[in-house]
Amino acid sequence: MNKIDNLDSLLSSDDLNNSIIELDNFICELCEWGDNMNVLTDPQKNFYYNQNLEREINNGGFSQYFINSSGDFAHETINSLRAIRADHTANILQSAIDQFPDKMVPRDRDERTELVGRIEETANEKWEELDQKFFEYKDDLNSLNIEYVRKHRTQF
C-alpha cells in the first residue's frame, strides 16, 4: 500500500485547501485517475469519490459530473459523503441521482452518457437548482475530508 510521505505536515497545515489538493493529487496518481481503483484503501476511495464530485460540480455542475468518468461512482459517492458526515451534500447528490430512471446511474460511461442525453431536457433544470444548493457548502467538505483523513491516517 502506497502512503503519502508528508501526511503529517499536510494534516497540520494551516493551508487546508492546499492540503486537500496535495492529497487529491497523490490519490489520483496512485489510482491512475480512477482507472485502477483496486490499489486504494476504502478511506482513500472515499476521499477520491468526494473530491471527484466537488471538482466536477465546480467545473460544470451535475450534468458534467454524470457525463464524465466521475459519474461511474455516483452511488458510491453517496456513501463516501455520509462517511465524512456530509449528509446535506449526500442528499443533494441523491436528488441529482433521482433524475435517472429508477434512480439508478449506470456505471458504464457510454450507457450513462446516452441516458443523460435522453433525460437532460427535464433533468437539467433540477440539476442546475442542485448545483446552486451544492455551492452553498452547508457541509464544509474540505474540513470534513481532512478530519476523515486524520481519523483514517494509517490507511493513507
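Once the Cα atoms of helix 42-67 and of the chain are each reduced to a long axis, what angle between those two axes, in degrees from 0 to 90 to the nearest 10, is obtained?
40
May I ask for log10 I(q)/I(0) of the stretch 1-109 at q = 0.13, 0.22, 0.24 Å⁻¹, from a Debye sum over the Cα atoms as equal point scatterers with solvent left out?
These q points yield log10 I(q)/I(0) values of -0.49, -1.29, -1.44.
Angle between the Cα long axis of helix 141-151 and the longest principal axis of the chain, 0 to 90 degrees, nearest 10?
Helix 141-151 sits at roughly 50 degrees to that axis.
How big, in percent, is the set of alpha carbon pairs in the stretch 45-116 lying more than 17 Å apart?
Cα-Cα pairs of the stretch 45-116 separated by over 17 Å account for 34 percent.
If you build a Gaussian network model of the chain, linking Cα atoms that sit under 10 Å apart, which residue out of THR113, THR41, THR122 swings the most?
Top of the fluctuation ranking is THR122.
Anyone know which of GLN132, GLN51, GLN94 comes out most mobile in the 10 Å Cα GNM of the chain?
Checking each option, the largest mean-square fluctuation is seen for GLN132.
So which chymotrypsin sites (Phe, Trp or Tyr not before Pro) in the stretch 1-109 end up in coil per DSSP with only 15 or fewer other C-beta atoms within 10 Å? Write down the numbers at each step before the final one.
Details: sites: PHE26, TRP33, PHE47, TYR48, TYR49, PHE62, TYR65, PHE66, PHE73; in loops: TRP33.
Answer by residue number: TRP33.
For every helix of n ≥ 4 consecutive DSSP H residues, a contribution of -39,500 (n - 2.57) applies; sum these over the chain, divide by its total residues, and give [θ] at 222 nm rounded to the nearest 500 deg cm²/dmol.
The helix contribution divided over the chain gives -22500 deg cm²/dmol.
In the Gaussian network model of the chain, springs joining C-alpha atoms below 10 Å, which of SER80, SER12, SER143 carries the largest mean-square fluctuation?
Taking springs between Cα atoms under 10 Å, the residue moving most is SER12.
Relative contact order of the stretch 5-92: what whole-number percent is it, with Cα pairs under 8 angstrom and at least 6 residues apart?
18
What accessible area per residue comes out for the chain, rounded to a whole number of Å², with a 1.4 Å probe?
For the chain, the per-residue accessible area is 51 Å².
In whole percent, and with a 1.4 Å probe on the protein chains, what portion of the accessible area of the stretch 1-154 is carbon and sulfur? Intermediate values should be presented prior to the final figure.
Working: 3280 of 7930 Å².
Solvent-exposed carbon and sulfur of the stretch 1-154 make up 41 percent of the total.
Find how many whole Å separate the alpha carbon centroid of the stretch 15-68 from the alpha carbon centroid of the stretch 70-97.
13
So how compact is the stretch 1-57: Cα radius of gyration and Dmax in angstrom?
Every Cα atom of the stretch 1-57 included, Rg and Dmax give 11.2, 32 Å.
The values are calculated or read from the model by the stated rules, or taken from the named source; none is laboratory data. The structure presented is a predicted model; accordingly, all values stated were derived computationally and were not measured. Note: ideal-geometry Cβ built from the backbone for every residue, glycine included; neighbour counts use all protein chains shown. Accessible surface areas use protein heavy atoms only, side chains included; no ligands, DNA or RNA. Shrake-Rupley method; radii C 1.70, N 1.55, O 1.52, S 1.80 Å.
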